[in-house]
Amino acid sequence: MAQNVVLIGPPGAGKGTQAERLAARLNVPRISTGDLLREAVTLGTPLGGLVRAVMARGELVGDALMVDLVRERLERPDAAAGFVLDGFPRTVPQAEALDQLVEGRGPLTVVEIQVPQAELVRRLGARLVCGACGVNAPPGTGAGGRCGRCGGALVQRADDGAEVVGERLRVFARAAEPLIAFYRSRGLHRAVDGAPAPDEVFAALERAVAGAGR
């Protein structure tokens, strides 16, 4: 049976790292909307042209365009056995569209990674990313290091500064609340504590995904 998983979590929850680990364990692709947007623009696909135009206007990519990007990605052969979605859906309309995209592909499991706000603020203040490719550095990496993927310099993200972190978390909470309520109402929502060490979080995530199929 296909393993179709959606991970939800605030900035700093470790969602991207856990999504990569879970996808590797399930032998399915991790599908990140950030990666999809960058790939579409880089490859110059028709959808990529639309994404580039939206970004050039300084606008956010809308629901319809994001759904088209995800639909195209799910049609690739490597996603036939399932997927781990990271960053999609972000809205209830996107979640409703995902229902249609996964129809006939097996059940959907939604796992929320929950972390106290004080811990999120601490993590984000210490987080480094590659200035070239944007990948997150492993937790605990010191300033002045290099990216393990491309060798680029590691820097603090501009929006990880203390003055904007609190507002980012409030924006996420407002956006995520109706999405989480949507999945709770359908019995698909699971939650794991994202505060412990990454290995403990991953073990809890595995149990949540395995238990959802029973």
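Within the range 177-214, if we keep just the residues that are farther than 22 Å from Gly140 by Cα and aromatic (Phe, Trp, Tyr), the residue that is least open to solvent (accessible area, probe 1.4 Å) turns out to be Tyr183. So how many residues does the range 53-72 have that are assigned to a helix (DSSP H, G or I), free of Cβ contacts under 8 Å to residues at least 24 places away in the same chain and either of a type in the set (A, V, I, L, M, F, W, C) or over 14 Å from Leu36 (Cα atoms) (or both)? Adding up the residues that qualify gives 6.
Applying the set (1) in a helix (DSSP H, G or I); (2) of a type in the set (A, V, I, L, M); (3) at pLDDT 95 or above to Ile113 leaves exactly one unmet item: (1). Inside the range 48-67, residues that are open to solvent by 30 Å² or more (accessible area, probe 1.4 Å) and either of a type in the set (A, V, I, L, M, F, W, C) or more than 21 Å from Leu7 (Cβ to Cβ) (or both) make up a count of 13.
The values are calculated or read from the model by the stated rules, or taken from the named source; none is laboratory data. Bear in mind the structure is a predicted one, so any value in this text is a computation, not a measurement. Positions of Cβ are backbone-derived with ideal geometry, glycine not excepted, and every protein chain shown enters the neighbour counts. Accessible surface areas use protein heavy atoms only, side chains included; no ligands, DNA or RNA. Shrake-Rupley method; radii C 1.70, N 1.55, O 1.52, S 1.80 Å.
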